[in-house]
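A short write-up of the structure that comes next.
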Amino acid sequence: MTQRLRIVLVDDHAMVRAGVRAELGDEFDVVGEAADVDEAIRVITAAQPDVVLLDVHLPGGDARAVLDACLPQVPATRFLALSVSDAPEDVVATVRGGARGYVTKTIDGPELREAVRRIADGDAVFSPRLAGFVLDAFSGGPAEKDDEIDRLSPREQEVMRLIARGYTYREVASELVLSIKTVETHVSAVLRKLQLSDRRELAKWAAGRRIV
């Protein structure tokens with residue numbers, strides 16, 4: 001029997017959480033709930049779920065605050081934003097923060113369950129009209145010559161882009177058909193050449209240049 005995905009729900013409205021839990025049905029295990037940023041960080045880091053359904057605006061901060069605090073501690077967890085907001089700035093900020101998808105609360109039950117499964121499998125999921133915001137924010141047209149990027153070998157650039165998108169070392173290794181040790185070596189070289197201290201700084205560096 002396939003093990004059920006473990007889910008944490010983060011929303012400041014108890015009735016919304018109850019509704020989402022009902023829509024998820026018996027297919028998933030809801031292993032925690034939270035109503036604000038601090039509680040979300042505690043619950044997510046303790047439960048280490050497969051997927052977090054994360055509201056964007058929360059008491060004590062926003063989705064980005066949760067992502068910044070949790071991603072380094074639970075790198076295998078996937079985050080799917082579930083919000084009433086369809087504002088471009090919310091979508092882009094949340095995705096830049098590390099969410100793998102963003103859907104609005106107009107989504108129906110079957111679509112939500114499918115979105116959770118896809119996020120858990122490593123796909124990116126967006127409500128149709130929101131995908132354009134993400135493409136616009138992250139494409140930016142042809143990149144201008146960047147001396148910093150030119151310091152990296154082609155393989156290091158490939159690794160850099162995947163790490164900046166939030167891939168784990170294991171996922172990068174699978175994607176590029178490398179050993180995990182080789183990926184670690186490339187990441188160390190990238191950080192050294194770009195004079196960055198960790199993968200969070202790398203993600204911000206890449207996002208600022210629109211190269212992820």
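No value in this document is a laboratory result; all are computed from the given coordinates. Computed from a predicted model, the values in this text were never measured in an experiment. Every residue, glycine as well, gets a Cβ built from its backbone with ideal geometry; the counts of neighbours run over all protein chains shown.
Counting neighbouring Cβ atoms within 10 Å and putting the fewest first, the residues Val8, Val20 line up as Val20, Val8.
The Met15 and Asp68 beta-carbon pair, evaluated with R₀ = 35 Å, returns a calculated FRET efficiency of approximately 0.80.
Sorting the segments 74-81, 58-65 by their mean number of nearby beta carbons within 10 angstrom, highest to lowest, gives 74-81, 58-65.
With the largest listed first and rounded to whole Å, the semi-axes of the equivalent ellipsoid of the chain from the Cα gyration tensor are 31, 19, 16. Rounded to the nearest 20 debye, the dipole magnitude of the chain is 680 debye, with +1 charges on Lys and Arg beta carbons, -1 on Asp and Glu beta carbons, and the Cα centre as origin. Cβ crowding within 10 Å, taken as a proxy for footprinting-reagent exposure, orders Tyr169, Tyr102 from fewest neighbours to most as Tyr169, Tyr102.
Each residue of segment 55-63 was assigned a 3J(HN,Hα) from its phi angle through the Karplus curve 6.51 cos²θ - 1.76 cosθ + 1.60 (θ = phi - 60°); the sequence is 5, 8, 10, 9, x, x, x, 9, 4 Hz, with glycine and proline shown as x. As a proxy for reagent exposure, Thr106, Thr94, Thr182 were ordered by neighbouring Cβ count within 10 angstrom, fewest first; the result is Thr106, Thr182, Thr94. Positive contributions from Lys and Arg (+1) and negative ones from Asp and Glu (-1), summed over other residues with Cβ under 11 Å from the Cβ of Ala65, come out at -3. Return one number: the angle in degrees, 0 to 90 and rounded to the nearest 10, between the long axis of the Cα atoms of helix 128-139 and the longest principal axis of the Cα atoms of the chain. Between helix and principal axis, roughly 20 degrees. Within the shell defined by Cβ-Cβ distances under 13 Å, the residues around Arg78 carry a net charge of +1, with Lys and Arg each +1 and Asp and Glu each -1. Quick check: the angle from helix 180-194's long axis to the longest principal axis of the chain, C-alpha only, nearest 10 degrees? Taking Cα atoms only, the helix is inclined about 70 degrees. Please list, or write none, the aspartates and glutamates whose alpha carbon is within less than 15 Å of the alpha carbon of Lys193, excluding same-chain residues fewer than 8 places away. Straight-line reach from Lys193, under 15 Å: Asp146, Asp147, Glu148, Asp150, Glu156, Glu158, Glu184, Glu201. Axis of helix 199-208 versus longest Cα principal axis of the chain: the two differ by about 80°, to the nearest ten degrees.
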